[in-house]
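**Student:** My structure is below; once you've seen it, I'll send some questions.
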């Protein structure tokens, strides 16, 4: 009898303190079962999570989770933390400061896990007594902001990260997309995204230190060649006009991105050493 009780205690204890892994297969904090994270189109999510529905948000990077309610939204979900404690957890995820930066999250609804992305800035109206002055937005596959007909790239990258598809997406990017992905990674302060655009097995410590000082990396002009012209190339230079905001102010410069690949069937990479010299 004592052995049975001991085994029960160990089993319960292990479940209670189980951490959420930032992968496509992970154990839920309050359940020993494994679930697959799904990339579900917004049209379906809009029906799965109707207005006034409750669900749990799990932050991929930290494993922290909090409860929310969907209150509105037609192109994406407008969401509010459920309680004051939920608001505190959300603010902790953002390092104690509200931010427009996107984060990869998992939406847990019943036994379903859905890849998503959120920002952390209260705005608009709010109806719950939760200490959160407004609502925030949660995006899913194919959802858009209020001002655009196309999905926001930063949200897209984050939900792909949550769904375990980020590596595949970046590996299939053309040179122009790769530069946009890099810029988005800088703006979101996401070293994983940035690193995946660079040549592997290189030392990037000094470059990342430089990039961390940039608050906004905005592409203002880029000249595009037809993708058909790139088929036989193993390297290319792409001049890009950018606005860079640092603590000391704004500067407008032209950066020549050097992109390389090993063969015509391999993926493209940004040559980070050349980039570092220009930054």
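The values are calculated or read from the model by the stated rules, or taken from the named source; none is laboratory data. Only a predicted model underlies this, so the values are computations on that prediction, with no experimental measurement involved. Here Cβ is always computed from backbone atoms with ideal geometry, including for glycine, and neighbour counts include all displayed protein chains.
**Student:** Select from the stretch 136-148 the residues that are farther than 19 Å from residue 64 by Cα and in contact (Cβ under 8 Å) with a residue 24 or more places away in the chain and list them in ascending order. Steps first, answer last, please.
**Tutor:** Taking the stretch 136-148 first, the residues farther than 19 Å from residue 64 by Cα are 140-148.
Passing the criteria: 140, 141, 142, 143, 144, 145, 146.
**Student:** For the stretch 29-47, does any single residue satisfy the condition of being touching a strand residue (DSSP E or B) at 6+ places or on another chain (Cβ under 6 Å), modelled with pLDDT under 50 and farther than 20 Å from residue 124 by Cβ?
**Tutor:** Yes, the conditions are met somewhere in the stretch 29-47.
**Student:** If you don't mind, there's one more thing I want to ask. So residue 79 fits all but one of (1) part of a strand (DSSP E or B); (2) surrounded by 19 or more Cβ atoms within 10 Å (Cβ to Cβ); (3) in contact (Cβ under 8 Å) with a residue 60 or more places away in the chain; what number is the exception?
**Tutor:** Here residue 79 clears every test but (3).
**Student:** Right, another one. Somewhere in the stretch 126-135, is a residue surrounded by 23 or more Cβ atoms within 10 Å (Cβ to Cβ) and in a strand (DSSP E or B)?
**Tutor:** Yes, the conditions are met somewhere in the stretch 126-135.
**Student:** For the stretch 92-119, which positions are surrounded by fewer than 19 Cβ atoms within 10 Å (Cβ to Cβ) and under 25 Å from residue 191 (Cα atoms)?
**Tutor:** Matches in the stretch 92-119: 92, 94, 95, 96, 97, 98, 99, 100, 101.
**Student:** A further question on this structure: Go over the candidates 240, 265 one by one and state the one that is within 28 Å of residue 168 (Cβ to Cβ) and either touching a helix residue (DSSP H, G or I) at 6+ places or on another chain (Cβ under 6 Å) or touching a residue at least 60 places away in the same chain (Cβ under 8 Å) (or both).
**Tutor:** 240
**Student:** I need a count of the residues in the stretch 89-112 that are in contact (Cβ under 8 Å) with a residue 60 or more places away in the chain, farther than 20 Å from residue 73 by Cα and either outside the structural domain of residue 36 (by TED's automatic domain parsing) or in contact with a strand residue (DSSP E or B) (Cβ under 6 Å, 6 or more places away or on another chain) (or both).
**Tutor:** Qualifying residue count for the region: 0.
**Student:** Next question, about the same structure. For residues that are part of a loop (DSSP other than H, G, I, E, B) and surrounded by 21 or more Cβ atoms within 10 Å (Cβ to Cβ), tally how many sit in the stretch 153-166.
**Tutor:** We begin by selecting, within the stretch 153-166, every residue part of a loop (DSSP other than H, G, I, E, B); these are 163-165.
Now drop any that are not surrounded by 21 or more Cβ atoms within 10 Å (Cβ to Cβ), which leaves 163.
The number of residues fulfilling the criteria is 1.
**Student:** Could you tell me which numbered condition residue 220 fails, if it satisfies all but one of (1) under 24 Å from residue 244 (Cα atoms); (2) modelled with pLDDT under 95?
**Tutor:** (2)
**Student:** Just checking: which of the strands (runs of 3 or more DSSP E) contained wholly in the stretch 167-262 hold 2 or more residues that are surrounded by fewer than 18 Cβ atoms within 10 Å (Cβ to Cβ), within 23 Å of the chain's Cα centre (by Cα) and not assigned by TED's automatic domain parsing to the domain that holds residue 61?
**Tutor:** 214-222, 235-246
**Student:** Tell me yes or no: at least one residue of the stretch 137-152 is closer than 24 Å to residue 268 by Cβ, out of contact with any strand residue (DSSP E or B) (no Cβ under 6 Å at 6 or more places or on another chain) and in a helix (DSSP H, G or I).
**Tutor:** So far as the stretch 137-152 goes, no, none of its residues is closer than 24 Å to residue 268 by Cβ, out of contact with any strand residue (DSSP E or B) (no Cβ under 6 Å at 6 or more places or on another chain) and in a helix (DSSP H, G or I).
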